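The values are calculated or read from the model by the stated rules, or taken from the named source; none is laboratory data. Everything numeric in this text was worked out from a predicted model, so none of it was measured. All Cβ positions, even for glycine, are placed from backbone atoms using ideal geometry, and neighbour counts span all protein chains on display.
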């Protein structure tokens, strides 16, 4: 558990000085009193008054020094919580990993590509519609990796807007047509596809084009010297804090022709993925799981080569599933470099449980929060 700690301190000091002049002798007295921590400000008041003094052969009349009051603003010091990995909110165990660049890997979801490798090691996974019959995944790695990872497939124009918030991430993909390739290379994504890097291989247990693989370890060797870690993408609550919202056992989502269901496993503290009515397995680690499911309704405009183009800058409806609860929300993203801001209906910031997050990008009207039994 990594709770945040805060500390506030305040003090109140009052000093009253009475000065009497007698044959050139000055006597001073002071008194200091420390106030409680709930005091709102520090006030200092000084009053000085001269008493009548007779010095032969003349008499000095009483002199009063005006009261001076000084108010010093109170200060509040907040002690930050432990540093966390930017894409999971989990406390940092390895500082070297915390400074690692984000790695985006485009993953095939055609029937011939299943089961894939890397779901349960990725910090974030996005599922986007790429045509009427298929979705494609983008696994984002930073705090841990997957060896192997794949099968790796092509990118889309929508990837530029979607992943520019990750601070110049590495972009591992199989390539694209001339228009998409030119757009990716002109963007802030760092193209490390097969035409730029010799770190890919073909698996023998499945056919082309569903057999292109690599490993995160070798993909990260392409990190340029100027690349840095990504900023935090979501807000996280303390690991022992309860989730907001209402109880829900999960969510059903339709992404055009792909039907997905996430079921909450309270004992494991994870959501488990079903796809097309069957358990969706990862080839390395079994059923695909995650700590949080974030569903962001997307408007898709026609793109090139009949591929839809998700409009990921703007605002839309959101459904957040975390800790066995459901939170209805709104997503907002004002610019290319901004992460998705999630705001609940009551205006509060939506906070996820520290851990991995799966982001679904369906069209509006295709998400059903499962009711509590």
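Tabulated data
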quantity	calculated
Residues located in the range 322-356, provided they are closer than 16 Å to residue 238 by Cα and outside any loop (DSSP other than H, G, I, E, B)	322, 325, 349, 351, 352
Yes/no for residue 95 being without any contact (Cβ under 8 Å) to a residue 12 or more places away in the chain, under 25 Å from residue 308 (Cβ atoms) and out of contact with any strand residue (DSSP E or B) (no Cβ under 8 Å at 6 or more places or on another chain)	no
Residue match in the range 264-274 (condition: in the same structural domain as residue 316 (by TED's automatic domain parsing), more than 22 Å from the chain's Cα centre (by Cα), in a loop (DSSP other than H, G, I, E, B) and surrounded by 15 or more Cβ atoms within 10 Å (Cβ to Cβ))	no
Residues that are under 30 Å from the mean Cα position of the chain (by Cα) and buried (at least 16 other Cβ atoms within 10 Å of the Cβ), drawn from the range 201-222	213, 214, 215, 216, 218, 219, 220, 222
Odd one out for residue 373 among (1) within 24 Å of residue 138 (Cα to Cα); (2) part of a loop (DSSP other than H, G, I, E, B)	(1)
Unique residue being buried (at least 16 other Cβ atoms within 10 Å of the Cβ), in the same structural domain as residue 124 (by TED's automatic domain parsing) and in contact (Cβ under 8 Å) with a residue 60 or more places away in the chain when the list is 323, 316	323
Helices (runs of 4 or more DSSP H) contained entirely in the range 152-251, each with at least 3 residues that are in contact (Cβ under 8 Å) with a residue 60 or more places away in the chain	158-163, 216-219
Checklist (1) more than 25 Å from residue 111 (Cβ to Cβ); (2) within 28 Å of the chain's Cα centre (by Cα) applied to residue 195, failing item	(2)
